[in-house]
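Presented below is the structure to which this report refers.
The values are calculated or read from the model by the stated rules, or taken from the named source; none is laboratory data. Here the structure is a predicted model, which means the values were calculated and not measured. Every residue, glycine among them, receives a Cβ derived from its backbone with ideal geometry; neighbour counts consider all protein chains shown. Only protein heavy atoms, including side chains, enter the accessible area calculation; ligands, DNA and RNA are left aside. Shrake-Rupley method; radii C 1.70, N 1.55, O 1.52, S 1.80 Å.
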Amino acid sequence: MNWQIDKWLLARYAGSLAITVYTLGSQINTIFIKCSTAISEMFAAKVHVLIENNRDEELNSLFAKVGRVQIIVILYIYYGFIIFGMAFLRFWAGEGYNNSYWVAVLLMTPIVILLSQNLNIEIFRAYEKHRIQAVVNFGIGILNFIISIPLCKKYGELGCALGTMISMGLVYYPFTNFYIKRHTKINLKQFYTGILRVFVATIVPVGIIWGVRHMIDIYRWEYFMSGLVVYSLLYFASIYFGALKSVEREYLKRKLTGVRYDKKY
């Protein structure tokens, strides 16, 4: 419901062009979300088994590991879109869709951390604590609707995206973390320590690419593709050397080379 409110308001107050621009940015956000949920859904069954058998330590470890994998993927897409998104939309949709870039950024920004935590959806279900989350989601939808009306009238598609960003960032993120701490046995400190390593490790390569991006014409296809390749290499190199622990690097190295690895990860 939350993701459809903006389109309804735009149809009422802005018109078809604003809807088209918003929809393009919203599609980017949908892909962004699906990339994260595809990872967490693989572990849904395991979450229920661990909670049913009171294996709290393993559940904490799983939540932290899955969250770190998700944040690596999420930040790769998020940073990449911020750096190359405007050019990508030009190649994909043509001229006149610059605001779609800002719509996507506004929608993606408040859910970066949330998406790395979305294993909590299955955790809440396993603990039978998911009903209140549905009620809060409904409340956020109402808040989003109220906030977005004046913003939509004044700023069109950007105002709607900003309203969604405010409601998601100011309400849903704090609620989710409070609810995890209050009603589950998840150690959020362990989780945030892991994703902080990823943030710190990626600051320098992202800063370098951001600076170089303004020195070249990424609206030329060959420079755009070259930039993506360099960005990808720098990003995952920084993850490998800066974010992964030594045991994780060894595990990954042996997996890639096909060598048997007996030490428990």
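Over the chain, what per residue volume does the convex hull of the Cα atoms give, in whole Å³?
Cα convex hull per residue, to the nearest whole number: 136 Å³.
Going through the cross-link list 7/154; 34/185; 129/181, which pairs have a Cα-Cα distance over 19 Å in this structure?
Going by Cα-Cα distance, 34/185 fall outside the 19 Å limit.
Computing the accessible area with a 1.4 Å probe over protein heavy atoms, can you report the carbon and sulfur percentage for the chain?
C and S atoms contribute 63 percent here.
Under a straight-distance cross-link criterion of Cα-Cα below 23 Å, which lysines are reachable from residue 253, leaving out those fewer than 8 residues away in the same chain?
Within reach: 65, 245, 263, 264.
Taking a quarter of the surface of the Cα convex hull of the stretch 154-223, what do you get in nm²?
Value for the stretch 154-223: 8.2 nm².
Over the Cα atoms of the stretch 30-96, compute the convex hull volume and normalise it per residue, giving Å³.
Residue-normalised Cα hull volume stands at 78 Å³.
Tabulate in residue order the Karplus-calculated ³J(HN,Hα) for the stretch 126-137, using 6.51 cos²θ - 1.76 cosθ + 1.60 with θ = phi - 60°, rounded to whole Hz; enter x for Gly and Pro.
3J(HN,Hα) across the stretch 126-137, in whole Hz: 5, 7, 6, 10, 8, 5, 5, 5, 5, 5, 5, 4.
Using 1/(1 + (r/R0)^6) with R0 = 22 angstrom and r between the beta carbons of residue 248 and residue 210, what's the FRET efficiency to the nearest 0.05?
E(calc), rounded to 0.05, equals 0.20.
Distance in nm between label sites at residue 229 and residue 142, each 7 Å beyond Cα in the beta-carbon direction?
Placing both labels 7 Å along Cα→Cβ, they lie 5.5 nm apart.
If contacts are Cα pairs under 8 angstrom and at least 6 residues apart, what is the relative contact order of the chain in percent?
26 percent
State the volume of the convex hull built on the alpha-carbon positions of the stretch 59-113, expressed per residue in Å³ and rounded to an integer.
Output value, Cα hull per residue: 70 Å³.
Can you pull the Rg over Rh of the stretch 131-251, Cα-only, Kirkwood?
Radius of gyration relative to Kirkwood radius: 1.11.
Label residue 170 and residue 135 with points 7 Å out from Cα along Cα→Cβ: what is the distance between them in nm?
With each label placed 7 Å out from Cα toward Cβ, I get 2.2 nm.
Take peptides 29-42, 113-126 and line them up by average Cβ neighbours within 10 Å, highest first, as a rough protection proxy.
So the peptides 29-42, 113-126, ranked by packing, come out 113-126, 29-42.
Using a probe radius of 1.4 Å on heavy atoms only, what accessible surface per residue do you get for the stretch 96-233? Whole Å² is fine.
51 Å²
With a 10 Å radius around each residue's Cβ, average the other Cβ atoms per peptide and rank 103-112, 195-204, highest first.
103-112, 195-204
Return the loop-located chymotrypsin sites (Phe, Trp or Tyr not before Pro) in the stretch 204-241 (DSSP other than H, G, I, E, B) with at most 12 other Cβ atoms within 10 Å of their own Cβ; answer none if there are none.
Loop-located and lightly packed - 219.
For the stretch 122-180, just list the percent of Cα-Cα distances falling in each 10 Å bin from zero outward, please.
24, 42, 24, 10, 1
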